Amino acid sequence: MRDLGTPVLDDHLHLDPRHARGIDAVTDFARSGGTHLLVVNKPSWHLGVEADTGEDFRAVFEETLDVVADASEELRGRAWPVLGVHPGLVSRLVDERGFDADEAAELMCAGLDVAAEHAADGEAVALKSGRPHYDVSESVWDASNRVLRHALERAAETGVALQLHTEATEDLTDVAAWAEDAGLPPERVVKHYASGECAGVTPSVMCEKGYLEDAVASDGPFLMETDYVDDPERPGAVMGPKTVPRRVNWLLENGHEAAVERAHVETPEAVYGIDTAGTLE
Ligand SMILES: [Zn+2]
(Lines give C-alpha, C1' and ligand atoms only; values in the text may rest on other atoms or scores of the structure.)
Protein backbone atom coordinates (compact mmCIF):
# COMPACT_ATOMS: atom_id res chain seq x y z
CA MET A 1 0.00 0.00 0.00
CA ARG A 2 1.71 3.16 -1.19
CA ASP A 3 1.50 6.30 0.99
CA LEU A 4 1.96 9.56 -0.88
CA GLY A 5 1.79 11.54 2.37
CA THR A 6 -1.41 13.33 1.35
CA PRO A 7 -5.07 12.57 0.80
CA VAL A 8 -5.58 11.52 -2.85
CA LEU A 9 -9.13 11.95 -4.18
CA ASP A 10 -10.48 10.78 -7.52
CA ASP A 11 -13.38 13.21 -7.95
CA HIS A 12 -15.36 11.18 -10.50
CA LEU A 13 -15.34 7.49 -11.29
CA HIS A 14 -17.84 4.66 -11.65
CA LEU A 15 -17.83 1.18 -10.12
CA ASP A 16 -19.87 -1.73 -11.44
CA PRO A 17 -19.34 -4.81 -9.27
CA ARG A 18 -22.10 -6.73 -11.09
CA HIS A 19 -20.56 -6.51 -14.59
CA ALA A 20 -16.96 -5.35 -14.23
CA ARG A 21 -14.07 -4.97 -11.76
CA GLY A 22 -15.90 -3.17 -8.96
CA ILE A 23 -13.91 -3.36 -5.73
CA ASP A 24 -10.80 -4.72 -7.54
CA ALA A 25 -10.52 -1.29 -9.17
CA VAL A 26 -10.66 0.31 -5.71
CA THR A 27 -7.87 -1.99 -4.53
CA ASP A 28 -5.72 -0.85 -7.48
CA PHE A 29 -6.44 2.77 -6.58
CA ALA A 30 -5.59 2.23 -2.89
CA ARG A 31 -2.36 0.29 -3.60
CA SER A 32 -1.16 3.17 -5.79
CA GLY A 33 -1.70 5.68 -2.98
CA GLY A 34 -5.33 6.69 -3.56
CA THR A 35 -7.30 7.39 -0.39
CA HIS A 36 -10.71 8.91 -1.24
CA LEU A 37 -13.28 8.47 -4.02
CA LEU A 38 -16.40 10.15 -5.27
CA VAL A 39 -18.35 7.34 -6.92
CA VAL A 40 -20.94 8.43 -9.48
CA ASN A 41 -23.85 6.14 -10.36
CA LYS A 42 -23.61 4.67 -13.85
CA PRO A 43 -26.15 5.85 -16.43
CA SER A 44 -29.40 4.03 -15.59
CA TRP A 45 -29.68 2.24 -18.95
CA HIS A 46 -26.15 0.83 -18.58
CA LEU A 47 -27.50 -1.08 -15.59
CA GLY A 48 -30.48 -2.37 -17.58
CA VAL A 49 -32.93 0.13 -16.07
CA GLU A 50 -35.31 1.69 -18.63
CA ALA A 51 -36.93 4.20 -16.30
CA ASP A 52 -40.59 5.16 -16.66
CA THR A 53 -40.90 7.00 -13.34
CA GLY A 54 -38.57 8.74 -10.92
CA GLU A 55 -38.94 5.78 -8.57
CA ASP A 56 -37.26 3.54 -11.16
CA PHE A 57 -33.97 5.34 -10.46
CA ARG A 58 -34.04 4.22 -6.83
CA ALA A 59 -32.45 0.84 -7.60
CA VAL A 60 -29.63 2.55 -9.53
CA PHE A 61 -28.86 4.81 -6.57
CA GLU A 62 -29.10 1.97 -4.03
CA GLU A 63 -26.51 0.04 -6.01
CA THR A 64 -24.13 3.00 -5.82
CA LEU A 65 -24.69 3.44 -2.08
CA ASP A 66 -23.85 -0.25 -1.57
CA VAL A 67 -20.63 -0.13 -3.59
CA VAL A 68 -19.57 3.07 -1.80
CA ALA A 69 -19.86 1.28 1.55
CA ASP A 70 -17.75 -1.61 0.22
CA ALA A 71 -15.19 0.77 -1.31
CA SER A 72 -14.80 2.63 1.99
CA GLU A 73 -13.71 -0.65 3.61
CA GLU A 74 -10.77 -0.84 1.19
CA LEU A 75 -9.56 2.72 1.61
CA ARG A 76 -7.40 4.47 4.22
CA GLY A 77 -9.82 7.35 3.70
CA ARG A 78 -13.34 6.73 2.42
CA ALA A 79 -15.69 6.98 -0.54
CA TRP A 80 -18.80 9.12 -0.99
CA PRO A 81 -21.65 8.83 -3.51
CA VAL A 82 -22.63 11.31 -6.21
CA LEU A 83 -26.14 10.59 -7.48
CA GLY A 84 -28.06 11.87 -10.46
CA VAL A 85 -29.39 11.42 -13.96
CA HIS A 86 -27.02 11.30 -16.92
CA PRO A 87 -27.89 14.05 -19.43
CA GLY A 88 -27.50 11.59 -22.32
CA LEU A 89 -30.69 9.92 -21.14
CA VAL A 90 -32.68 12.64 -22.90
CA SER A 91 -31.59 11.31 -26.30
CA ARG A 92 -32.34 7.72 -25.38
CA LEU A 93 -35.85 8.76 -24.31
CA VAL A 94 -36.55 10.98 -27.32
CA ASP A 95 -34.80 9.05 -30.08
CA GLU A 96 -35.50 5.49 -28.98
CA ARG A 97 -38.47 5.48 -26.63
CA GLY A 98 -40.90 7.96 -28.19
CA PHE A 99 -40.82 10.62 -25.47
CA ASP A 100 -41.11 14.26 -26.46
CA ALA A 101 -38.53 16.63 -24.96
CA ASP A 102 -40.88 17.88 -22.22
CA GLU A 103 -41.81 14.36 -21.13
CA ALA A 104 -38.15 13.39 -21.05
CA ALA A 105 -37.30 16.42 -18.91
CA GLU A 106 -40.13 15.60 -16.52
CA LEU A 107 -38.86 12.05 -16.00
CA MET A 108 -35.27 13.21 -15.54
CA CYS A 109 -36.34 15.82 -12.96
CA ALA A 110 -38.29 13.10 -11.13
CA GLY A 111 -35.13 10.96 -11.03
CA LEU A 112 -33.17 13.91 -9.65
CA ASP A 113 -35.82 14.33 -6.95
CA VAL A 114 -35.11 10.78 -5.76
CA ALA A 115 -31.36 11.49 -5.80
CA ALA A 116 -32.07 14.64 -3.78
CA GLU A 117 -33.73 12.52 -1.07
CA HIS A 118 -30.35 10.83 -0.54
CA ALA A 119 -28.67 14.24 -0.50
CA ALA A 120 -31.15 15.49 2.11
CA ASP A 121 -30.40 12.36 4.20
CA GLY A 122 -26.72 13.28 4.19
CA GLU A 123 -25.78 10.19 2.13
CA ALA A 124 -24.83 11.83 -1.19
CA VAL A 125 -22.37 14.74 -1.20
CA ALA A 126 -23.39 15.92 -4.66
CA LEU A 127 -26.03 15.53 -7.33
CA LYS A 128 -25.15 14.91 -10.98
CA SER A 129 -26.80 16.52 -14.00
CA GLY A 130 -25.83 18.48 -17.09
CA ARG A 131 -26.63 18.72 -20.77
CA PRO A 132 -25.60 16.81 -23.91
CA HIS A 133 -21.99 17.19 -25.09
CA TYR A 134 -23.13 16.55 -28.71
CA ASP A 135 -25.43 18.52 -31.05
CA VAL A 136 -29.14 18.18 -30.28
CA SER A 137 -32.34 19.89 -31.43
CA GLU A 138 -33.30 23.18 -29.84
CA SER A 139 -36.18 21.55 -27.97
CA VAL A 140 -33.87 18.91 -26.48
CA TRP A 141 -31.28 21.56 -25.58
CA ASP A 142 -33.91 23.71 -23.85
CA ALA A 143 -35.35 20.71 -22.02
CA SER A 144 -31.84 19.70 -20.90
CA ASN A 145 -31.18 23.16 -19.51
CA ARG A 146 -34.47 23.01 -17.60
CA VAL A 147 -33.33 19.71 -16.04
CA LEU A 148 -29.95 21.25 -15.20
CA ARG A 149 -31.64 24.20 -13.50
CA HIS A 150 -33.89 21.83 -11.56
CA ALA A 151 -30.74 20.04 -10.34
CA LEU A 152 -29.23 23.37 -9.24
CA GLU A 153 -32.37 24.05 -7.19
CA ARG A 154 -32.38 20.62 -5.58
CA ALA A 155 -28.66 20.88 -4.74
CA ALA A 156 -29.24 24.29 -3.15
CA GLU A 157 -32.21 23.04 -1.12
CA THR A 158 -30.43 19.96 0.15
CA GLY A 159 -27.11 21.70 0.79
CA VAL A 160 -24.94 19.63 -1.57
CA ALA A 161 -22.77 20.31 -4.62
CA LEU A 162 -23.65 19.58 -8.25
CA GLN A 163 -21.42 17.77 -10.75
CA LEU A 164 -22.12 18.59 -14.38
CA HIS A 165 -21.57 16.67 -17.58
CA THR A 166 -21.60 19.30 -20.38
CA GLU A 167 -20.30 20.18 -23.80
CA ALA A 168 -16.50 20.65 -23.97
CA THR A 169 -15.93 24.23 -22.83
CA GLU A 170 -13.80 26.38 -20.54
CA ASP A 171 -16.66 28.80 -19.87
CA LEU A 172 -19.77 27.90 -17.89
CA THR A 173 -20.58 31.40 -16.69
CA ASP A 174 -24.17 30.88 -17.98
CA VAL A 175 -24.59 28.01 -15.54
CA ALA A 176 -22.85 30.00 -12.78
CA ALA A 177 -25.51 32.72 -13.13
CA TRP A 178 -28.28 30.09 -12.91
CA ALA A 179 -26.62 28.66 -9.79
CA GLU A 180 -26.72 32.12 -8.18
CA ASP A 181 -30.43 32.36 -9.09
CA ALA A 182 -31.04 28.97 -7.46
CA GLY A 183 -29.13 29.91 -4.30
CA LEU A 184 -26.22 27.54 -4.93
CA PRO A 185 -22.74 29.11 -4.71
CA PRO A 186 -21.25 28.64 -8.22
CA GLU A 187 -18.00 27.27 -6.77
CA ARG A 188 -20.10 24.30 -5.56
CA VAL A 189 -20.88 23.52 -9.23
CA VAL A 190 -18.25 21.19 -10.70
CA LYS A 191 -17.55 20.69 -14.38
CA HIS A 192 -16.66 17.03 -14.67
CA TYR A 193 -14.29 16.00 -17.52
CA ALA A 194 -12.73 19.47 -17.56
CA SER A 195 -9.55 20.60 -19.21
CA GLY A 196 -7.35 22.74 -16.95
CA GLU A 197 -9.70 25.63 -16.27
CA CYS A 198 -13.41 26.52 -16.40
CA ALA A 199 -14.71 30.04 -15.90
CA GLY A 200 -17.67 30.33 -13.53
CA VAL A 201 -17.50 26.90 -11.87
CA THR A 202 -14.94 24.50 -10.36
CA PRO A 203 -13.12 22.27 -12.87
CA SER A 204 -12.71 18.56 -12.17
CA VAL A 205 -9.67 18.08 -14.35
CA MET A 206 -9.07 14.96 -16.41
CA CYS A 207 -5.63 13.60 -15.52
CA GLU A 208 -3.87 14.57 -18.75
CA LYS A 209 -0.52 16.11 -17.81
CA GLY A 210 -1.09 19.24 -19.94
CA TYR A 211 -4.48 19.89 -18.33
CA LEU A 212 -3.00 19.46 -14.87
CA GLU A 213 -0.16 21.87 -15.65
CA ASP A 214 -2.78 24.47 -16.66
CA ALA A 215 -4.79 23.87 -13.47
CA VAL A 216 -1.67 24.14 -11.28
CA ALA A 217 -0.65 27.39 -12.99
CA SER A 218 -4.16 28.88 -12.68
CA ASP A 219 -3.90 29.21 -8.87
CA GLY A 220 -7.66 28.54 -8.78
CA PRO A 221 -9.54 25.71 -7.07
CA PHE A 222 -9.56 22.41 -8.96
CA LEU A 223 -10.18 18.69 -8.53
CA MET A 224 -8.68 15.67 -10.29
CA GLU A 225 -10.55 12.76 -11.88
CA THR A 226 -10.31 9.79 -14.23
CA ASP A 227 -13.96 9.17 -15.17
CA TYR A 228 -13.01 5.48 -14.96
CA VAL A 229 -16.16 3.78 -16.32
CA ASP A 230 -15.57 0.20 -15.10
CA ASP A 231 -17.05 -1.26 -18.26
CA PRO A 232 -15.59 -4.53 -19.61
CA GLU A 233 -16.71 -3.62 -23.13
CA ARG A 234 -14.74 -0.37 -23.09
CA PRO A 235 -11.48 -1.36 -21.37
CA GLY A 236 -9.34 1.25 -23.11
CA ALA A 237 -11.97 3.97 -23.28
CA VAL A 238 -10.77 5.82 -20.23
CA MET A 239 -8.05 6.26 -17.68
CA GLY A 240 -7.58 3.44 -15.20
CA PRO A 241 -8.13 3.73 -11.45
CA LYS A 242 -4.40 4.15 -10.70
CA THR A 243 -4.15 7.38 -12.70
CA VAL A 244 -4.96 9.99 -10.05
CA PRO A 245 -2.42 8.63 -7.53
CA ARG A 246 0.22 8.41 -10.27
CA ARG A 247 -0.40 12.00 -11.34
CA VAL A 248 -0.32 13.19 -7.72
CA ASN A 249 3.06 11.49 -7.38
CA TRP A 250 4.22 13.25 -10.56
CA LEU A 251 3.01 16.63 -9.25
CA LEU A 252 4.82 16.07 -5.95
CA GLU A 253 8.04 15.10 -7.75
CA ASN A 254 7.77 18.41 -9.62
CA GLY A 255 7.45 20.45 -6.43
CA HIS A 256 3.71 21.14 -6.62
CA GLU A 257 2.85 20.29 -3.00
CA ALA A 258 0.61 23.37 -2.66
CA ALA A 259 -1.38 22.44 -5.77
CA VAL A 260 -1.85 18.88 -4.46
CA GLU A 261 -3.16 20.33 -1.19
CA ARG A 262 -5.46 22.57 -3.23
CA ALA A 263 -6.92 19.71 -5.31
CA HIS A 264 -7.14 17.04 -2.62
CA VAL A 265 -7.86 18.92 0.63
CA GLU A 266 -8.92 22.56 0.13
CA THR A 267 -11.16 22.30 -2.93
CA PRO A 268 -12.98 19.12 -1.74
CA GLU A 269 -13.71 20.92 1.57
CA ALA A 270 -14.93 24.08 -0.18
CA VAL A 271 -17.05 22.29 -2.81
CA TYR A 272 -18.46 19.25 -0.98
CA GLY A 273 -17.80 20.06 2.69
CA ILE A 274 -15.76 16.85 2.99
CA ASP A 275 -12.68 16.56 5.20
CA THR A 276 -10.18 14.38 3.34
CA ALA A 277 -7.34 15.04 5.80
CA GLY A 278 -9.51 14.32 8.86
CA THR A 279 -10.93 11.10 7.41
CA LEU A 280 -7.51 9.60 6.65
CA GLU A 281 -6.36 6.72 8.89
ZN1 LIG B 1 -18.59 9.58 -15.58
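The values are calculated or read from the model by the stated rules, or taken from the named source; none is laboratory data. The shown structure was predicted, so the numbers you read here are calculated from the model rather than taken from an experiment. Positions of Cβ are backbone-derived with ideal geometry, glycine not excepted, and every protein chain shown enters the neighbour counts. With ligands, DNA and RNA removed, areas are computed over all heavy atoms of the protein, side chains included. Shrake-Rupley method; radii C 1.70, N 1.55, O 1.52, S 1.80 Å.
Results, tabulated for the structure shown:
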{"item": "Any strands (runs of 3 or more DSSP E) falling wholly within segment 1-94 and containing at least 2 residues that are among the charged types (D, E, K, R) and modelled with pLDDT of 95 or more", "result": "9-13"}
{"item": "Test for ALA119: is it small (Gly, Ala, Ser) and assigned to a helix (DSSP H, G or I)", "result": "yes"}
{"item": "Hey, ARG131 within 16 Å of the ligand (Cβ to nearest atom), surrounded by fewer than 19 Cβ atoms within 10 Å (Cβ to Cβ) and of a type outside the set (Asp, Glu) or not", "result": "no"}
{"item": "Helices (runs of 4 or more DSSP H) fully within segment 201-281 counting 3 or more residues that are in contact with a Phe, Trp or Tyr (Cβ under 9 Å, 6 or more places away or on another chain)", "result": "209-218, 243-253"}
{"item": "Hits in segment 31-79 (condition: of a type in the set (S, T, N, Q) and away from the ligand (no atom under 16 Å from the Cβ))", "result": "SER32, THR35, THR53, SER72"}
{"item": "Residue that is nearest to the ligand (Cβ to nearest atom) [pool: residues in segment 213-231 that are of a type outside the set (A, V, I, L, M), open to solvent by less than 70 Å² (accessible area, probe 1.4 Å) and touching a residue at least 40 places away in the same chain (Cβ under 8 Å)]", "result": "ASP227"}
{"item": "Flag if ARG234 is at pLDDT below 95, surrounded by fewer than 23 Cβ atoms within 10 Å (Cβ to Cβ) and not hydrophobic (A, V, I, L, M, F, W, C)", "result": "yes"}
{"item": "Candidates ASP102, ASP121, ASP142 - the one that is under 23 Å from ALA179 (Cβ atoms), acidic (Asp, Glu) and touching a residue at least 24 places away in the same chain (Cβ under 8 Å)", "result": "ASP142"}
{"item": "Check on VAL147, touching a strand residue (DSSP E or B) at 6+ places or on another chain (Cβ under 8 Å) and under 20 Å from ASP95 (Cα atoms)", "result": "yes"}
{"item": "Tally, over segment 149-178, of residues that are loosely packed, with under 14 Cβ neighbours inside 10 Å, outside any helix (DSSP H, G or I), free of Cβ contacts under 8 Å to residues at least 40 places away in the same chain and more than 16 Å from the ligand (Cβ to nearest atom)", "result": "1"}
{"item": "Sole exception among (1) more than 30 Å from ARG149 (Cα to Cα); (2) within 14 Å of the ligand (Cβ to nearest atom) for PRO7, by number", "result": "(2)"}
{"item": "Members of segment 122-139 that are under 15 Å from TYR272 (Cβ atoms) and in a helix (DSSP H, G or I)", "result": "none"}
{"item": "Close pairs from segment 73-96: first without any contact (Cβ under 8 Å) to a residue 40 or more places away in the chain, partner surrounded by fewer than 17 Cβ atoms within 10 Å (Cβ to Cβ) and among the acidic types (Asp, Glu), Cβ under 8 Å, at least 6 apart", "result": "LEU93/GLU103"}
{"item": "When residues of segment 240-281 are limited to those that are out of contact with any helix residue (DSSP H, G or I) (no Cβ under 8 Å at 6 or more places or on another chain), open to solvent by 30 Å² or more (accessible area, probe 1.4 Å) and among the hydrophobic types (A, V, I, L, M, F, W, C), the one modelled with the lowest pLDDT", "result": "LEU280"}
{"item": "Cβ pairs under 8 Å, 6+ apart, first in segment 23-49 and without any contact (Cβ under 8 Å) to a residue 24 or more places away in the chain, second open to solvent by 20 Å² or more (accessible area, probe 1.4 Å) and in a helix (DSSP H, G or I)", "result": "VAL49/ASP56; VAL49/ALA59"}
{"item": "Selection from segment 179-195 of residues that are more than 16 Å from the ligand (Cβ to nearest atom) and either at positive phi or at pLDDT below 95 (or both)", "result": "GLY183"}
{"item": "Neighbours by Cβ (under 8 Å, 6+ apart or cross-chain): first from segment 182-194, closer than 8 Å to ALA161 by Cβ and open to solvent by less than 20 Å² (accessible area, probe 1.4 Å); second within 12 Å of the ligand (Cβ to nearest atom) and at pLDDT 95 or above", "result": "VAL189/LEU164; VAL190/ASP11; VAL190/GLN163; VAL190/LEU164; VAL190/SER204"}
